[in-house]
Every structure is written in C-alpha cells, then in structure tokens.
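All remarks here apply to the structure that follows.
The values are calculated or read from the model by the stated rules, or taken from the named source; none is laboratory data. Just so we're clear, the structure is a prediction, and the values are computed from it rather than from any experiment. Backbone-built Cβ (ideal geometry, glycine too); neighbour counts: all protein chains shown.
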Amino acid sequence: MPTISMFYGILIRMYLGKKEHNPPHIHAFYQEDKAIFDVNTGEKTEGKLPKDKEKLVSAWIILHKDELLADWELAQNGELPYNIDPLK
C-alpha cells in the first residue's frame with residue numbers, strides 16, 4: 001500500500017488492485033490510529049483519528065478530490081498512484 005501524501009504526522013495511503021472495494025477511498029494513519037475516508041464525500045467511513053486530524057484529512061480530500069479519483073483508477077489497475085501535495 002503506497003503512501004501518496006504525508007502532512008502533520010498523517011500518512012495517506014491507497015491499496016492497489018481490483019480487490020479493493022468501492023467507493024473510492026483512502027486510508028489515513030496517525031500514530032496508533034487509522035481510518036478510511038470516502039474520496040467522493042471526504043467523510044470518515046471507518047476507524048478513528050483524533051478529531052483535529054480527521055478534519056485535516058477531510059479538508060485535504062476536498063482540495064484534491066480529482067487527483068484522488070485519478071489515483072484510484074490507477075490503483076484499481078494495479079498501477080502505482082501519483083504522490084499528491086500535502087496540506088500546507
């Protein structure tokens with residue numbers, strides 16, 4: 001699972017391959033916590049992160065939705081997704 005972005009101690013990753021289920025989503029890791037976020041809505045669908053980190057990830061998703069959807073297509077075909085700029 002490649003890391004596609006990192007910011008404020010948060011790692012953003014995306015699994016490769018068609019085995020990954022829809023809707024398009026990312027995996028966010030912060031210290032011992034991890035959560036899954038829907039790319040289309042920016043909402044957390046599973047897991048837990050501290051509330052402030054959850055808000056940062058949701059904002060980052062909204063800013064980079066088109067890039068994330070393009071990366072999702074690549075990942076679904078087993079190709080490495082591109083890195084995406086961190087939240088600044």
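Screening segment 63-74 for residues that are without any contact (Cβ under 8 Å) to a residue 24 or more places away in the chain and acidic (Asp, Glu) and picking the one that is surrounded by the fewest Cβ atoms within 10 Å (Cβ to Cβ) gives Asp66.
Residues of segment 64-75 include at least one that is farther than 13 Å from Ile4 by Cβ and modelled with pLDDT of 95 or more.
With the structure loaded, tell me whether Pro86 is touching a residue at least 12 places away in the same chain (Cβ under 8 Å) and either touching a Phe, Trp or Tyr at 6+ places or on another chain (Cβ under 6 Å) or buried (at least 17 other Cβ atoms within 10 Å of the Cβ) (or both) or whether it fails that test. Yes: the conditions hold for Pro86. Applying the condition of being β-branched (Val, Ile, Thr) and surrounded by 13 or more Cβ atoms within 10 Å (Cβ to Cβ) to segment 37-62 and asking which residue is farthest from the chain's Cα centre (by Cα) yields Thr41. If you go through segment 6-39 and keep only what is modelled with pLDDT under 95, more than 17 Å from Asn83 (Cα to Cα) and in contact with a strand residue (DSSP E or B) (Cβ under 9 Å, 6 or more places away or on another chain), you end up with just Pro23.
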